[in-house]
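One structure below.
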Amino acid sequence: MDSDRRRLRRTWMTFFSRYGRLLPIQSRTIPAVLSGKNAIIVSATASGKTEAVIAPLIERYLKEGWGNRGCVSDMGSIGGKKSRNSKKSRDSRIGMTILYISPTKALVNDMHDRLKGQLDELGITVSMKTGDTPRFNPDKSPDVLITTPESFDSMICRYPDSFKNMRAVILDEIHLIDNTYRGDQLRLLLKRLKHISTTDFNIYALSATIAAPEDIGRRYLGDFEVITDSGKREIEYTLVESVEELYNCVRRENIRKLLIFCNKRATVENFSRECMDLWGSNRVVVHHGSLSRSIRGEAECFMKDAPYGVCVATMTLEIGIDIGNIDAIVLAEVPWSVSSLLQRIGRGSRRMSRNRVFAIYGSADEQMLLERMFHIAMAGYVEPVDYSHDPSVVVQQVFSSLYSSPGGLTDHHLQNLFEGFCPEDELREILRHLAKTGWIKKWQETWHATTRLMDLGAKGKIHSNIPSNKMMEVIDIGSRQTIGEVQYPVDEIFILGGRAWLIVRESFERLYVKPAKRGIATAKFKSCVSEGAFSYLLPARLKKSESKTWYTEALSEITRVAEVVE
């Protein structure tokens with residue numbers, strides 16, 4: 001422990017003094033970060049991965065004088081004497097040095113709230129940037145920025161100089177976006193960042209569940225170490241056929257707090273109503289991505305503070321948002337994969353050596369599938385997924401790159417950007433197609449954005465590859481509180497946030513509602529699409545076509561993996 005304190009003499013008190021010791025993954029990770037090595041860190045939820053990377057990075061920042069606050073001497077404290085040779089004025093801003101990328105806005109908000117007090121204590125400025133927090137002043141850029149891949153794209157286009165002194169990039173919950181159009185976008189953004197940065201920055205990828213960390217590391221990190229925590233908790237699971245059976249089991253075991261996972265937002269809304277009938281409406285809260293930040297925040301606070309509670313959620317709570325200690329996890333639907341199952345059950349019983357889990361099945365096939373998934377999870381195996389790049393990301397990144405480069409880009413520049421991502425003939429075919437359809441043009445051997453593309457970029461419409469639907473903001477006419485958003489059209493009476501609402505009026509893409517006695521239908525939400533929004537601009541040959549349902553794919557994959565394990 002004394003050696004740990006010596007290595008982290010500037011940051012130990014802030015990050016670890018209340019615990020008194022490092023957790024296993026922290027002991028393994030901190031030396032690698034202090035020595036400036038790239039790493040992919042794989043460890044269970046709530047095992048201390050974030051602190052394992054942030055604390056030594058801030059230690060290096062303070063010791064080596066990375067950025068806006070100058071260098072702190074080896075005397076140790078923030079108030080210590082600064083080296084004359086490295087002293088910098090606070091007014092001489094040289095941009096951000098640590099970039100923390102999270103897959104969701106909710107996690108960005110949670111991570112900002114979690115780190116701000118600690119970093120303020122050390123004199124380090126931290127800010128966040130998402131679509132909900134659009135303001136950014138490059139003349140007052142923070143030392144640490146927490147953002148999403150899409151906001152990172154927007155900023156690297158508009159404020160490239162703010163990234164020139166980058167020293168470290170953290171990719172949180174990397175499993176959620178790898179092998180998707182969002183992960184592919186992030187891969188290419190990191191290549192663009194390397195082109196902009198005047199320093200060699202480190203990259204750290206964090207996850208609780210990865211089947212092949214070496215493969216992910218090669219996609220994002222270059223040279224890297226894989227750091228894992230081999231310890232695992234026992235899984236005690238019970239399969240039940242109904243919510244009533246679940247309720248009886250929970251009462252017999254005197255379980256106080258439940259986190260119930262569903263795959264879809266509509267299922268969350270329906271399932272929460274069943275739970276309210278059994279547990280009471282004052283003990284059940286709802287959490288999913290179509291609810292407003294304030295409503296989600298109320299649910300999180302309720303689960304942290306209440307002695308008894310049930311939270312019904314989508315994958316928004318698979319990741320590390322703090323909702324306190326949970327006694328048991330319930331899988332209301334078959335998870336998408338074994339890794340998703342492990343991620344979900346890892347949210348429960350964090351203070352105990354075992355995970356208490358219930359899973360509800362609706363058919364013999366689902367019962368068999370769940371049994372096999374638990375068997376695989378208990379064997380410590382995570383199913384591998386074949387990687388394939390999404391060509392729609394080529395369109396999106398061509399647009400983003402050309403928008404940020406009014407002087408144009410050469411074929412050589414674009415070939416370097418997409419090298420290792422897609423074949424050159426595919427890139428050439430996409431460029432020709434975009435030129436033919438009037439989005440880009442070639443002049444004097446250089447590719448340029450057309451006015452059409454520049455207008456789209458000026459509206460901020462080129463940085464996200466996430467497909468969108470027309471959504472209506474839902475506002476309680478009595479309290480004026482935003483409840484969330486739903487897909488239009490919607491029934492006159494609908495359920496959202498576990499409550500029934502009656503539409504009073506519609507105005508400017510907003511629905512003003514009041515509580516109704518009983519809901520007729522669950523609100524509709526954005527559908528999940530497996531290919532990027534810019535896929536419609538691809539040549540016909542490169543557009544994806546899918547015929548299997550997720551359940552067929554899951555059953556086939558789990559059966560195959562079960563045979564491997566057995």
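Only one entry of ASN270, ASN254 meets the criterion of being closer than 25 Å to MET471 by Cβ and among the polar types (S, T, N, Q), and that entry is ASN270. Report, by residue number, each residue of the stretch 218-267 that is outside any loop (DSSP other than H, G, I, E, B), acidic (Asp, Glu) and over 23 Å from the mean Cα position of the chain (by Cα). Within the stretch 218-267, GLU234, GLU236, GLU244, GLU245 qualify. Within the stretch 397-421, residues that are touching a residue at least 12 places away in the same chain (Cβ under 8 Å) sit with their Cβ atoms under 6 Å from residues that are of a type in the set (Phe, Trp, Tyr) and surrounded by 13 or more Cβ atoms within 10 Å (Cβ to Cβ), at 6+ positions apart or across chains, in these pairs: GLY408/TRP447; LEU409/TRP447.
Within the stretch 417-435, one or more residues are of a type in the set (Lys, Arg) and more than 27 Å from ASP277 (Cα to Cα). Scanning the stretch 379-423 for residues that are acidic (Asp, Glu), farther than 18 Å from LEU537 by Cα and either part of a strand (DSSP E or B) or in contact with a Phe, Trp or Tyr (Cβ under 9 Å, 6 or more places away or on another chain) (or both) yields a single hit, ASP411. Considering every residue within the stretch 352-359, establish whether at least one is crowded, with 21+ Cβ neighbours inside 10 Å and in a loop (DSSP other than H, G, I, E, B). Checked against the condition, which is being crowded, with 21+ Cβ neighbours inside 10 Å and in a loop (DSSP other than H, G, I, E, B), the stretch 352-359 yields no hits at all.
Considering the stretch 304-325, and only residues there that are of a type in the set (A, V, I, L, M) and more than 21 Å from the chain's Cα centre (by Cα), the residue that is surrounded by the most Cβ atoms within 10 Å (Cβ to Cβ) turns out to be VAL310. Kindly indicate whether any position in the stretch 184-192 is touching a Pro at 6+ places or on another chain (Cβ under 6 Å), at pLDDT below 95 and crowded, with 20+ Cβ neighbours inside 10 Å. Within the stretch 184-192, none of the residues are touching a Pro at 6+ places or on another chain (Cβ under 6 Å), at pLDDT below 95 and crowded, with 20+ Cβ neighbours inside 10 Å. Filtered by the rule that a residue be hydroxyl-bearing (Ser, Thr, Tyr) and either crowded, with 22+ Cβ neighbours inside 10 Å or under 12 Å from VAL144 (Cβ atoms) (or both), the stretch 91-130 gives THR97, TYR100, SER102, THR125, SER127. Within the stretch 134-154, the set of residues being at pLDDT 95 or above and more than 22 Å from THR50 (Cβ to Cβ) comprises ASP153, SER154.
In the stretch 423-441, the residues that are in the same structural domain as SER405 (by TED's automatic domain parsing) form Cβ pairs under 8 Å with partners that are surrounded by fewer than 18 Cβ atoms within 10 Å (Cβ to Cβ) and charged (D, E, K, R), at six or more places apart or across chains, as follows: GLU429/ARG541; ALA435/LYS441; ALA435/LYS442; GLY438/ARG452; TRP439/ARG452.
Considering only residues in the stretch 440-468 that are modelled with pLDDT under 90 and surrounded by 13 or more Cβ atoms within 10 Å (Cβ to Cβ), the one that is nearest to THR148 (Cα to Cα) turns out to be ILE466. Look through THR29, THR50, THR45 and report the one residue that is at pLDDT 50 or above, under 30 Å from VAL382 (Cβ atoms) and part of a loop (DSSP other than H, G, I, E, B). Unique residue meeting the criteria: THR45. Step by step: first the residues of the stretch 483-537, then only those that are among the hydroxyl-bearing types (Ser, Thr, Tyr), modelled with pLDDT of 90 or more and outside any strand (DSSP E or B), then the one that is surrounded by the fewest Cβ atoms within 10 Å (Cβ to Cβ). Which residue is that? This residue is TYR536. Scanning the stretch 193-217 for residues that are of a type in the set (D, E, K, R) and either in a helix (DSSP H, G or I) or at pLDDT 95 or above (or both) returns LYS194, GLU214, ASP215. Scanning the stretch 161-199 for residues that are acidic (Asp, Glu) and over 17 Å from the mean Cα position of the chain (by Cα) yields a single hit, ASP161.
The values are calculated or read from the model by the stated rules, or taken from the named source; none is laboratory data. Source: prediction; values computed, not measured. Virtual Cβ from ideal backbone geometry, glycine too; neighbours counted across all protein chains shown.
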